[in-house]
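Peer 1: Supplied in structure tokens, the structure appears directly below.
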Amino acid sequence: MTWTDERVELLKKLWADGLSASRIAAELGGVSRNSVIGKVHRLGLSGRAKSASASAPRQRKPRVHQHMMRLARPGVRGNTALAPMHVFETDLEPEPQAVENIVPMGQRCSILELTESTCRWPIGDPSTTDFFFCGGKTIEGLPYCGYHSRIAYQPVSERRRDKRQERN
């Protein structure tokens, strides 16, 4: 199908009348909605007449004020599928404070040595030979030891505070 002068004029009129590209395509026949849109853009047509329904503000349904009982959802931190919040609020047995990811040599694991009870926190660059996993004892139901769980599952407020401190 070619765009004849008559079809272009009809397109301009229908476009100015506010018809949709689909309706214009149906009126013209033999063209798709996309070809109408393409031709409108090539012609540089812009202003369209607004239909009465488009210019009128949409009426909202009045809110029915009922006393709704909202149940508090249990709070979660970090990866919500893995870490219930109460795990970190309880006092766990004290663990040695790791400084700059110092993990004892006997505790380090390769990917083949990982089990359900070993910490899967990766340390180092996986493309180097000195890459390993923490290998510490995991918290039940989580993939990391207590130290790495505190790093992985931080409350949103603490993460935001830490980011602000890093920027300053």
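The values are calculated or read from the model by the stated rules, or taken from the named source; none is laboratory data. Owing to the predicted nature of the structure, the values given are computational and were not obtained by experimental measurement. Backbone-built Cβ (ideal geometry, glycine too); neighbour counts: all protein chains shown. Accessible surface is based on the protein model in full, side chains and every heavy atom, while ligands, DNA and RNA are left aside. Shrake-Rupley method; radii C 1.70, N 1.55, O 1.52, S 1.80 Å.
Peer 1: Given Arg120, Arg58, Arg63, which one is on the phi < 0 side of the Ramachandran plot, at pLDDT 90 or above and in a loop (DSSP other than H, G, I, E, B)?
Peer 2: None of the others qualify; the one that does is Arg120.
Peer 1: So how many residues does the stretch 116-145 have that are among the polar types (S, T, N, Q) and open to solvent by less than 50 Å² (accessible area, probe 1.4 Å)?
Peer 2: The total comes to 2.
Peer 1: Right, next: Evaluate the stretch 5-26: report whether one residue or more is over 21 Å from Gln154 (Cβ atoms), open to solvent by 100 Å² or more (accessible area, probe 1.4 Å) and either of a type in the set (A, V, I, L, M, F, W, C) or modelled with pLDDT under 60 (or both).
Peer 2: No - not one qualifying residue is present in the stretch 5-26.
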